[in-house]
Amino acid sequence: MPAGFPVEGFRSGREYRAQPGDIVITTYPKCGTTWVQHIVYLILHEGEPLPAGRSMTEEIPHLEEVGREAVERLPAPRCIKTHLPFDMTPSHPDARYVYVARNPFDCAVSFFHHTRGFVRLYDFADGTFDEFFEYFLAGEVDFGDYFDNLVPWFAHRTDDNLLFLTYEQMKAAPAEAVVAIGEFLGPDSSRAVHDQVALERIVRHSSFDSMRKDPERWSSKRPDGMPEFIRKGEVGDWSNVFTRDQARRLADKFARRAEGTDLETLWPDILAAARA
Ligand code: A3P
């Protein structure tokens, strides 16, 4: 857990009993959580973006930060975010779970900048990617090992109450992702995303460029010189950061953790590039 999260929030968050109708956005950190939070928010608010001065964490709080009581006070449908692994996430067959996966290479780079930027939480403002990579590979980062999160959620990807998306697929076809999320969330949301005007608004307001505006909606202000929370938003930037050896070591770990699964089908090109 991040050092800044109260222990009590974690303990109490795990006691939350999911309800029918709950919408749970579940991810490993840096995989597109905030983007999907805003899409869900937009779908539920007729395409009106989260206004400047408001914070996403008030609208769609982080379960293991705020704890059970805060979530129980939310109006229906309760929308929450979590980075908990599958077997710790409050489960209900009539709650809806939207999982977003991102390739571990770009995730690691994004996580590195994230960790550098929270100067009060981590003594890592001057940390290097080489240092962070070793922590990431060992799973010794906030919320634990990337694969411990991804592998079990992926195994449930065809569950009726789970929509499994990838960041890369959302980047390639954002409108399709918005429609898939809307259809998954129920009849009212489905109607919203099938209205062309509303769909266009949702896609526009959830775009990278729109979300870069008023960044304090998503995260506390970053110190000068540190990257913004909505930072680069690209697929494949890892190849400018990783050494050959780092790419191969992470691809090797991927292969070990993917054994017996179809996980490699998510990012065949990226894995091939990492092994080249
Ligand atoms: P980068 O650091 O690679 O830019 P999370 O919300 O899970 O912490 O994920 C953050 C990552 O998602 C960051 O990646 C951020 O820039 C990216 N992101 C946030 N909003 C986005 C959007 N609308 N489109 C594309 N990427 C977005």
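Worth a mention:
- Boolean, residue 276 is surrounded by 19 or more Cβ atoms within 10 Å (Cβ to Cβ), touching a helix residue (DSSP H, G or I) at 6+ places or on another chain (Cβ under 9 Å) and over 22 Å from residue 170 (Cα atoms): no
- Within the stretch 129-184, being in a loop (DSSP other than H, G, I, E, B), of a type in the set (Asp, Glu) and under 17 Å from the mean Cα position of the chain (by Cα) holds for 142, 145.
- Flag for residue 192 being surrounded by 20 or more Cβ atoms within 10 Å (Cβ to Cβ), more than 21 Å from the chain's Cα centre (by Cα) and either under 18 Å from residue 38 (Cβ atoms) or within 16 Å of the ligand (Cβ to nearest atom) (or both): yes
- Test: residue in the stretch 248-269 that is under 21 Å from residue 35 (Cβ atoms), more than 16 Å from the ligand (Cβ to nearest atom) and surrounded by 15 or more Cβ atoms within 10 Å (Cβ to Cβ): yes
- Filter result for residue 124 (under 23 Å from residue 230 (Cβ atoms) and within 15 Å of the ligand (Cβ to nearest atom)): no
- Whenever a residue of the stretch 232-253 is free of Cβ contacts under 8 Å to residues at least 12 places away in the same chain, its partners that are assigned to a loop (DSSP other than H, G, I, E, B) and more than 12 Å from the ligand (Cβ to nearest atom), lying with C-beta atoms within less than 9 angstrom and at least six residues away or across chains, give the pairs 244/276.
- Top-ranked residue in the stretch 196-215 [being surrounded by 14 or more Cβ atoms within 10 Å (Cβ to Cβ), more than 12 Å from the ligand (Cβ to nearest atom) and part of a helix (DSSP H, G or I); ranked as farthest from the chain's Cα centre (by Cα)]: 198
- Pairs where the first residue, in the stretch 167-182, is within 15 Å of residue 200 (Cβ to Cβ) and the second is within 12 Å of the ligand (Cβ to nearest atom) and not in a helix (DSSP H, G or I), C-beta under 8 Å, 6+ apart: 174/206; 174/207; 178/206
- Matching residues, the stretch 217-229, being among the acidic types (Asp, Glu) and loosely packed, with under 14 Cβ neighbours inside 10 Å: 224
- Test: residue in the stretch 96-106 that is more than 16 Å from the ligand (Cβ to nearest atom), crowded, with 23+ Cβ neighbours inside 10 Å and not small (Gly, Ala, Ser): yes
- Qualifying residues in the stretch 230-241 (those that are more than 7 Å from the ligand (Cβ to nearest atom) and in a loop (DSSP other than H, G, I, E, B)) - the one surrounded by the most Cβ atoms within 10 Å (Cβ to Cβ): 235
- Checked against (1) within 12 Å of the ligand (Cβ to nearest atom); (2) in contact with a strand residue (DSSP E or B) (Cβ under 8 Å, 6 or more places away or on another chain); (3) not in a helix (DSSP H, G or I), residue 36 meets all criteria but (3).
- Any hit, the stretch 3-16, residues being surrounded by fewer than 20 Cβ atoms within 10 Å (Cβ to Cβ), farther than 27 Å from residue 93 by Cβ and within 16 Å of the ligand (Cβ to nearest atom): yes
A short reminder: the numbers here are calculations on the coordinates, not readings from a lab. None of the values given here were measured: they were computed from a predicted structure. Quick reminder, even Gly has a Cβ in these numbers, built from the backbone with ideal geometry, and neighbours come from all protein chains shown.
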